[in-house]
Amino acid sequence: AEAEDSDERARLRQAVAENAAGQFLLRNRKRDGTLFWNELSLFPVENEKGEVVSLVATQNDVTQRIEAAAERDKTRAQMAQALTATEDAYVVLEEGRVIAFANDATREIFPAPDVEWALGTTFEANWSVYVAASQDLPGRVTSLIANPDLQGLAQLSNGREIDLPDGRTVLVRAADMSNGGTVLSATDVTPMKAAQRLLAQRLAAIEAAEDGIAITDDSGRLTYLNGAASAMLGFASPTAHYASSERLLRQRAFN
């Protein structure tokens, strides 16, 4: 049960002594010894002279509400711990675009000096500081960055890639929540984009080679031909080999 010297009981005693209204949350026991959360409310009753002649008290068992809130806070803390450890930026906005959560990756990818994506600040306040601080970076502040459309972004199931002024490319996503809030995420895809460019350059070099280059799988079936190899083997195009490659290889093996 609630300790007699707890702050909440001290607040209750003071209210009674002053004949004041108040609401108090106490940990009490039922007759069978079961602990429960008791929400106690005091209402002063005045006479015609405006003098308090009595106090009316009401109490409600709010155990389910308190336990549900505790479970929600526990889940939220676990989520925050998990998202803090990830390299992806995550922001949770309450109704009115107020910051309810932002992890360290958000502050690293979208630095907003002084505001720092703090709880209770707005998305607009943080974003305007980020955009202002990005003006001196080598990259361009595009219209997508200067005027982000979160509602439009939420309609894109695969998100949208955005080139940031610092040279990085991020994949941003948004999802609306039933309570009017929004969840935003941003993944740094710069290494992946660099690998795709390198692969494209190598593929272009292979395609331009005068030597015939062919790749087969474990069964000997052709899986890739460049233009030169396709011409050498008599295919009309580099992709025409798929249906007949196994038959052609067998024929050549017996000739």
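Within this structure, T121 passes the test of being surrounded by 11 or more Cβ atoms within 10 Å (Cβ to Cβ) and under 28 Å from D73 (Cβ atoms). For region 138-148, how many residues are outside any helix (DSSP H, G or I) and either under 19 Å from A102 (Cα atoms) or in contact (Cβ under 8 Å) with a residue 40 or more places away in the chain (or both)? Summing the residues that are outside any helix (DSSP H, G or I) and either under 19 Å from A102 (Cα atoms) or in contact (Cβ under 8 Å) with a residue 40 or more places away in the chain (or both) in region 138-148 gives 1. Across region 196-212, not a single residue is classified as farther than 30 Å from F235 by Cα, open to solvent by 60 Å² or more (accessible area, probe 1.4 Å) and either in a helix (DSSP H, G or I) or hydrophobic (A, V, I, L, M, F, W, C) (or both). Residues in region 145-162 that are small (G, A, S) and surrounded by 10 or more Cβ atoms within 10 Å (Cβ to Cβ): A146, G152, A154, G159. From the list R31, R27, R11, the lone residue that is open to solvent by 60 Å² or more (accessible area, probe 1.4 Å) and either at pLDDT 95 or above or assigned to a helix (DSSP H, G or I) (or both) is R11. Can you find a residue in region 153-164 that is closer than 23 Å to D114 by Cα, at pLDDT 90 or above and assigned to a loop (DSSP other than H, G, I, E, B)? Yes, the conditions are met somewhere in region 153-164. In region 167-194, what count of residues is obtained for those that are out of contact with any strand residue (DSSP E or B) (no Cβ under 7 Å at 6 or more places or on another chain) and either open to solvent by 60 Å² or more (accessible area, probe 1.4 Å) or under 19 Å from E124 (Cβ atoms) (or both)? Within region 167-194, residues that are out of contact with any strand residue (DSSP E or B) (no Cβ under 7 Å at 6 or more places or on another chain) and either open to solvent by 60 Å² or more (accessible area, probe 1.4 Å) or under 19 Å from E124 (Cβ atoms) (or both) number 5.
The values are calculated or read from the model by the stated rules, or taken from the named source; none is laboratory data. Quick caveat: nothing in here was measured; it's all calculated off a predicted structure. Every residue, glycine among them, receives a Cβ derived from its backbone with ideal geometry; neighbour counts consider all protein chains shown. With ligands, DNA and RNA removed, areas are computed over all heavy atoms of the protein, side chains included. Shrake-Rupley method; radii C 1.70, N 1.55, O 1.52, S 1.80 Å.
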